[in-house]
Amino acid sequence: NAHVVVNPYEKQIEKSKLNDSKLKSISNDLIFSNNGEAILINKDYTKGIVLRGYKKEDFLKLQIIENENFIGDKNNLINNNISIGKELSFSLGLKVGDKVSIMSSAGIETIIGNLPKQQTFIVNSIFDSGLSEFDQSVAFINLNSLEDFFNLDESSRNLEIYLKNPSNIEKNKIII
């Protein structure tokens, strides 16, 4: 998880302000993300999860990807590929290459009412964070796929800040 997460409230986070030299002096990475709650369906099993969306190049910056227990393709978080946790793969009997259905809380308006979106994803990697609860409850997909799936737009993206020295955060107050 990021050391600091900035959520947009009244307006979109301005990318131009991220070039601030003070901000760059305390942070290693600034990554835009988005997330939503969904239900993962595999045969007779269902599991509520949090989907986190990242651009392909930002996904590669996450520490969880550098773990020696990471299985699969680190460079392929595109389209309908999904990276799931080791515990989730065990509990649902999934491996790299398997297909899973995911149901979104966002719906599609039809003549009979609002129906939840459902889409098929291919497991392209399995991560091991070392935290069982995280590995059981979080999955990663492409940022654009996530926003399409949950009917979100770029203005709702969060900014994740990864600090160079997180234990010294109180001394690094920056106003942008």
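Laid out as a table, the results:
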quantity: Residue among Ile13, Ile64 that is β-branched (Val, Ile, Thr) and within 13 Å of Leu159 (Cα to Cα); calculated: Ile13
quantity: Within segment 93-109, considering residues that are modelled with pLDDT under 80 and open to solvent by 50 Å² or more (accessible area, probe 1.4 Å), the one farthest from Asn79 (Cα to Cα); calculated: Glu109
quantity: In segment 70-89, residue farthest from the chain's Cα centre (by Cα) [restricted to those that are part of a loop (DSSP other than H, G, I, E, B) and either on the phi > 0 side of the Ramachandran plot or surrounded by 19 or more Cβ atoms within 10 Å (Cβ to Cβ) (or both)]; calculated: Asn79
quantity: Candidates Lys17, Lys43, filtered to the one that is in contact with a Leu (Cβ under 9 Å, 6 or more places away or on another chain) and on the phi > 0 side of the Ramachandran plot; calculated: Lys43
quantity: Whichever residue in segment 38-55 is open to solvent by 50 Å² or more (accessible area, probe 1.4 Å), more than 11 Å from the chain's Cα centre (by Cα) and not β-branched (Val, Ile, Thr) and, among such residues, is nearest to Leu77 (Cα to Cα); calculated: Lys47
quantity: Residue that is most open to solvent (accessible area, probe 1.4 Å), among those in segment 110-150 that are β-branched (Val, Ile, Thr) and modelled with pLDDT under 90; calculated: Ile111
quantity: Segment 100-133, subset among the charged types (D, E, K, R) and in a strand (DSSP E or B), residue farthest from the chain's Cα centre (by Cα); calculated: Glu109
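The values are calculated or read from the model by the stated rules, or taken from the named source; none is laboratory data. Please read all numbers here as calculations on a predicted model, not as lab measurements. Methodologically, a virtual Cβ is constructed for each residue, glycine included, from the backbone with ideal geometry; neighbour enumeration extends over all protein chains shown. All accessible areas refer to the heavy atoms of the entire protein, side chains included, with ligands and DNA or RNA removed. Shrake-Rupley method; radii C 1.70, N 1.55, O 1.52, S 1.80 Å.
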